[in-house]
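Everything on this sheet refers to the single structure shown next.
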Amino acid sequence: MTSDALRRALTEPGDPPLLALPGVAVELLAALAAPPRLGAHLRLVHDVAWHLTAAFADRFAAVPFDRQAVLFGAAVHDLGKVEHPAELTGPGSAHEEAGYQLLLRFGVPEERARFAVTHAAWHSPGVQLEDLMVSLADKVWKGRRVADLEQLVVDRLAGITGQERSQTFLDLDDVLAELAAGADRRLAFQAEHPVYG
């Protein structure tokens, strides 16, 4: 049963209005009695991922990527914080493997469950563009820019398009700067929702 506080985190409109999480993410959060703040966080990162993927489709039209995978990954990447709620307000990485295992237990295929781990492991072998995009959304939602992550994305995009890396960087920078501009409102929305509740 979903608590009133979690329900509010998943349904309040936000300013500007936030997209709803995919149904499967909502079901998982409800089944696990997730902390309201986690629901708000996943909703914010998912919303940023939606805008990020739209911008990629526009600016980097020649680059193939699985938009639905990115959106799913953004919607569940921190699910393991259900088991490690202290990591909602402090550092820690125990939630990564915990989230992966939770997703597998709930029948999520490995190719989608992986986002619980890869959102924080962008230097790992085999990381795909979709993993990097979830990582970008998980940083830029709060206005954080991570140079080495962004360089990996630039390298990947330039390698596919053949565009000069400097121009690719400028294009990506425009996208991320626009997304980062809404960070204060997103941080305020997340802070409105309790860690426990």
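Structural remarks
- Matching residues, segment 73-102, being open to solvent by 60 Å² or more (accessible area, probe 1.4 Å), in contact with a Gly (Cβ under 7 Å, 6 or more places away or on another chain) and touching a residue at least 24 places away in the same chain (Cβ under 8 Å): none
- Condition met for Leu79 (among the aliphatic types (A, V, I, L, M) and within 17 Å of the chain's Cα centre (by Cα)): yes
- Restricting Ala62, Ala33 to residues that are part of a loop (DSSP other than H, G, I, E, B), closer than 18 Å to Pro194 by Cβ and open to solvent by 70 Å² or more (accessible area, probe 1.4 Å) narrows the list to Ala33.
- For segment 168-197, a residue qualifies if it is open to solvent by less than 80 Å² (accessible area, probe 1.4 Å) and of a type in the set (Phe, Trp, Tyr), and exactly one does: Phe189.
- Check on Gly92, of a type in the set (Gly, Ala, Ser), under 17 Å from Ala121 (Cβ atoms) and part of a helix (DSSP H, G or I): no
- Looking across segment 135-147, just one residue is surrounded by 24 or more Cβ atoms within 10 Å (Cβ to Cβ), more than 15 Å from Arg186 (Cα to Cα) and hydrophobic (A, V, I, L, M, F, W, C), and that is Leu136.
- Of the residues making up segment 148-167, those that are within 22 Å of the chain's Cα centre (by Cα) and open to solvent by less than 80 Å² (accessible area, probe 1.4 Å) are Asp148, Leu149, Glu150, Leu152, Val153, Val154, Asp155, Leu157.
- Restricting attention to segment 1-56, the residues that are over 15 Å from Arg186 (Cβ atoms) and small (Gly, Ala, Ser) total 11.
- The residue of segment 125-134 that is most open to solvent (accessible area, probe 1.4 Å), among those that are of a type outside the set (A, V, I, L, M) and assigned to a helix (DSSP H, G or I), is Glu130.
- Among (1) open to solvent by less than 60 Å² (accessible area, probe 1.4 Å); (2) touching a helix residue (DSSP H, G or I) at 6+ places or on another chain (Cβ under 8 Å); (3) hydrophobic (A, V, I, L, M, F, W, C), the one test that Ala54 misses: (2)
- Once segment 2-24 is narrowed to residues that are out of contact with any Gly (no Cβ under 9 Å at 6 or more places or on another chain) and among the aliphatic types (A, V, I, L, M), the residue that is farthest from Arg43 (Cα to Cα) is Val24.
- The listed residue being open to solvent by 10 Å² or more (accessible area, probe 1.4 Å), out of contact with any helix residue (DSSP H, G or I) (no Cβ under 8 Å at 6 or more places or on another chain) and more than 23 Å from Asp184 (Cα to Cα), out of Arg105, Arg112: Arg105
The values are calculated or read from the model by the stated rules, or taken from the named source; none is laboratory data. Keep in mind it's a predicted model, so treat the numbers as computed, not measured. So basically every Cβ, Gly included, is an ideal-geometry build from the backbone, and we count neighbours across all protein chains shown. With ligands, DNA and RNA removed, areas are computed over all heavy atoms of the protein, side chains included. Shrake-Rupley method; radii C 1.70, N 1.55, O 1.52, S 1.80 Å.
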